[in-house]
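The values are calculated or read from the model by the stated rules, or taken from the named source; none is laboratory data. None of these values were measured; they are calculated from a predicted model. Quick reminder, even Gly has a Cβ in these numbers, built from the backbone with ideal geometry, and neighbours come from all protein chains shown.
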Amino acid sequence: MNRIQASTALALSHRLATEQSERRLPSLVAGVVRDGDLVWSGAFGTLDGRHGGPAPGDGTQYRLGSISKTFVAVEVMRLRDEGRLDVGDVIGTHLPELDLGPVTIAQLLTHTSGLQAETDGPWWERVPGEPWDPKAASAAHLRFTPGTRFHYSNVGYSVLGELVARLRDEPWHAAVKAGILDPLGMTRTTTRPEPPAAPGIAVHPFADLLQPEPEHDAEAMAPAGQLWSTVGDLARWAAFLAGRTAGVLKPETLDEMLHPVAINDVPDVAWGGAHALGWQVWNADGRRFAGHGGSMPGFLAVLRVDLTSGDGVVLFTNATTGLGTAATDLLNLLAETEPHAPEPWSADSTQADDVALTGEWFWGTQSFTLVLQPDGGLRLGTPGDGRGARFVRRGDGWVGLEGYYAGEPLTVRRDDDGRPVQLDLASFVFTRTPYDPAADVPGGLDPDGWR
């Protein structure tokens, strides 16, 4: 295990203890992850919420709630990579009992299917569940036109769990265990609590009183929030999210899953988050985060990873409500007290073949500077600013990574001496001088030139 400074550990512990005390949480456990390792963990309170009660620890199970959805989503993408499905498939192709029209797997993953949020029956999180029933599933309702807006749907992940079960020919949780949990060594992540495990508790909002919350098997709704885990296990999932996929998922598939797709837009409320293919993503103060939150009666959970640094935080409490900003604060404390050292610069002779591409290029009359990146890619202008973008090499050319040119091919044209004289990009032409008469500019140039 990597080590953090004693002063950092003290600051993290103090912040967690403050959260448990001031927010009146029965027990609160958390850990921070750096370079794939759990470098700090803390636990405060008691499992029963009473003075002198049993203490929680890294190995104590808490309910994950909707963080369970991230495991289902990864298993769906594993099936995609195996060629068993395409995320653009209409869900009825694989589950013919569903009469949901054009709803696709991708829309279910991103909560853009328009499918109802909850079941038609009683509050499924607090009552025993029922197995998948094709007749009941066929009666699911669309609240919105598929693909037109974000609408969080627990029912949608019940459908995805059945999709996994149908294609794997085994229960969804067995598929997740075999394909994800076992390879990552997550031996304390299960579908029902296994001792030591925290009981679910409701804390009275106006008095220091407690009430137990029910626990049961949600059956068909289980993929939406059934899993239980520990700080130690979820730290491994945070490391996975930070890129240490250990062969469970292709790195490029994980990158695909983290691309923001749908924004939960609420009028008069500023937003900085979105939903991707199974993951939540956030922008905060110029930093990109990913993860998921979770809640079930008696439990709250947080998984959050800084995608730039790879630092992550996991946090659990056994209270129905009351959690504040401790998870984000712990991650920020680590970044502030022990920032990552920048990678040392060194020369890269492999860039010699492409150095002729660098320098100033013009799109019409607008200037863009093209530079080579340490990862072997190109940067044209400032990404996110107008038409600026980064490009990665694909075959004999380049492909855009983000912004206007995401997925668009960039082709380099050269003169008879092999010198780059023109860049063709999404039908646009970039030249070494504004409207270079020696280039093949669409629409041609006035024969009298500049005057």
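Per-structure values
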item	result
Near pairs, Cβ below 6 angstrom, 6+ apart or cross-chain, from the stretch 85-111 (surrounded by 14 or more Cβ atoms within 10 Å (Cβ to Cβ)) to any residue that is among the basic types (Lys, Arg)	Val87/Arg80
Residue match in the stretch 47-60 (condition: among the polar types (S, T, N, Q), in contact with a Leu (Cβ under 9 Å, 6 or more places away or on another chain), modelled with pLDDT of 95 or more and under 14 Å from Leu315 (Cα atoms))	yes
Residue satisfying condition, being in contact (Cβ under 8 Å) with a residue 60 or more places away in the chain and crowded, with 18+ Cβ neighbours inside 10 Å, within set Gly294, Gly364	Gly294
Single residue of the stretch 146-169 satisfying the filter (assigned to a helix (DSSP H, G or I) and of a type in the set (Lys, Arg)) that is surrounded by the fewest Cβ atoms within 10 Å (Cβ to Cβ)	Arg166
Qualifying residue in the stretch 233-250 (condition: outside any loop (DSSP other than H, G, I, E, B) and farther than 18 Å from Arg304 by Cβ)	no
Tally of residues being within 15 Å of Gln351 (Cβ to Cβ) and either buried (at least 17 other Cβ atoms within 10 Å of the Cβ) or hydroxyl-bearing (Ser, Thr, Tyr) (or both) across the stretch 368-389	4
The lone exception for Ser21 - which of (1) assigned to a helix (DSSP H, G or I); (2) in contact (Cβ under 8 Å) with a residue 40 or more places away in the chain; (3) hydroxyl-bearing (Ser, Thr, Tyr) it fails	(2)
Search result, residues across the stretch 170-204 that are among the charged types (D, E, K, R) and either assigned to a loop (DSSP other than H, G, I, E, B) or in contact (Cβ under 8 Å) with a residue 40 or more places away in the chain (or both)	Glu170, Arg188, Arg192, Glu194
Some residue of the stretch 204-214 being more than 25 Å from Pro54 (Cβ to Cβ), crowded, with 19+ Cβ neighbours inside 10 Å and hydrophobic (A, V, I, L, M, F, W, C)	no
Every residue from the stretch 337-361 that is under 15 Å from Leu423 (Cα atoms) and loosely packed, with under 15 Cβ neighbours inside 10 Å	Val355, Ala356, Gly359, Glu360
Strands (runs of 3 or more DSSP E) wholly inside the stretch 318-408 containing at least 3 residues that are within 24 Å of the chain's Cα centre (by Cα) and outside the structural domain of Asp306 (by TED's automatic domain parsing)	389-394
From the options Thr365, Thr369, residue that is touching a Gly at 6+ places or on another chain (Cβ under 9 Å) and not hydrophobic (A, V, I, L, M, F, W, C)	Thr369
Among the candidates Gly294, Gly310, residue that is among the small types (Gly, Ala, Ser) and under 25 Å from Ser113 (Cα atoms)	Gly294
Criterion (in contact with a Ser or Thr (Cβ under 9 Å, 6 or more places away or on another chain) and closer than 22 Å to Leu258 by Cα) met by exactly one of Gly400, Gly384, Gly388	Gly388
Selection count where residues are charged (D, E, K, R) and farther than 12 Å from Gln61 by Cβ, scope the stretch 175-189	2
Set Thr8, Thr60: member being in the same structural domain as Ala239 (by TED's automatic domain parsing), under 20 Å from Pro195 (Cα atoms) and of a type in the set (Val, Ile, Thr)	Thr60
Residue in the stretch 284-300 that is farther than 18 Å from Tyr157 by Cβ, outside any loop (DSSP other than H, G, I, E, B) and hydroxyl-bearing (Ser, Thr, Tyr) present	no
Test for Ser66: is it touching a Gly at 6+ places or on another chain (Cβ under 9 Å), more than 27 Å from Asp217 (Cα to Cα) and surrounded by 14 or more Cβ atoms within 10 Å (Cβ to Cβ)	no
Output for the stretch 260-283, where each listed residue is out of contact with any helix residue (DSSP H, G or I) (no Cβ under 8 Å at 6 or more places or on another chain), surrounded by 14 or more Cβ atoms within 10 Å (Cβ to Cβ) and part of a loop (DSSP other than H, G, I, E, B)	Pro260, Asn264
Test: residue in the stretch 216-224 that is surrounded by fewer than 18 Cβ atoms within 10 Å (Cβ to Cβ) and either among the hydrophobic types (A, V, I, L, M, F, W, C) or in a loop (DSSP other than H, G, I, E, B) (or both)	yes
Filtered residues of the stretch 409-430 (kept if among the hydroxyl-bearing types (Ser, Thr, Tyr) and either touching a residue at least 24 places away in the same chain (Cβ under 8 Å) or assigned to a strand (DSSP E or B) (or both))	Thr411
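Matching residues to (1) part of a loop (DSSP other than H, G, I, E, B); (2) over 30 Å from Leu210 (Cβ atoms):
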position: Ser41; (1), (2): no, no
position: Gly52; (1), (2): yes, no
position: Glu75; (1), (2): no, yes
position: Val87; (1), (2): yes, yes
position: Glu97; (1), (2): yes, yes
position: Leu109; (1), (2): no, yes
